[in-house]
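Novice: Pasting a structure below so you can have a look.
Every number here is computed from the coordinates shown, using simple stated rules; none is lab data. In this text the structure is predicted, and so the values were computed from the model without any measurement. We place every Cβ from the backbone using ideal geometry, glycine too, and count neighbours over all the protein chains shown.
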Amino acid sequence: MANPYQSPTMTTQHARTAPSWYVLFYQLYGPAWWIGTGLIAGSWFNIASPTVGWIGFGLACAASLGAYVLPSLAGVKPEDFVVLDSRMLNSKGEAYSDALERFSNGATLMYDGVAFGFRPDNEIACGVVAQSSDINETEAREIADHAETVFDTLTASSPEFASAVAGQTFRISIKSGMDANATELFRVVDRSIESRS
């Protein structure tokens, strides 16, 4: 009898690896944006001079513009995603290395029904689809617990994953579906659950 929990066999599409300058930009984007915003706020409250505020404005604008323009120059497509399964995770073979490299370069990683992706504000966002759009907080907590377990499994089993997500805020979004009309039902940050509907 076939194992109903076994991940489906699929052909991994090999995407062109993002250039190192883009990876560096992606790592610096969040801090640059926050520093720029902080300098702007400092000038508003007369903690810093208006010149410093304008420098902050330029820094934040450059980070935002870069985030808009550079992905296409680097050949990184926002819709790029890769599926990792337990066989790949246990074997640590070529498909595993390719999946984790693509994830580190900005692709969304799917493992055990949970999607992981980097967000510009130093977050590792975790997306999970609820079986129904009408769920309560207890059911949302069960889904969030599953997502946390998957995250812990990947962190413990994959040094590459653990290194990529180190220092990131872990956010869980429980969504009503996978389509463009899907809504976020609950959000969990630092184990604090918040209804979004």
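Novice: Just want the answer: with Cβ charges of +1 for Lys and Arg and -1 for Asp and Glu, which residue in F151, S132, I174 is farthest toward the dipole's positive end in the stretch 81-195?
Specialist: F151
Novice: One-quarter of the Cα convex hull surface for the stretch 20-74, in nm²?
Specialist: 3.5
Novice: Right, something else. Kirkwood hydrodynamic radius for the stretch 81-195: how many Å is it when counted over pairs of different Cα atoms?
Specialist: Averaging 1/r across every pair of different Cα atoms and inverting gives 14.4 Å.
Novice: Calculate how large, on average over all directions, the projected area of the Cα convex hull of the stretch 88-150 is; give the answer in nm² to one decimal.
Specialist: Orientation-averaged projected area of the Cα hull: 5.3 nm².
Novice: Quick one: net charge around G113, please, counting Lys, Arg +1 and Asp, Glu -1 for every other residue with C-beta under 14 Å from its C-beta.
Specialist: Computed value for this residue: -4.
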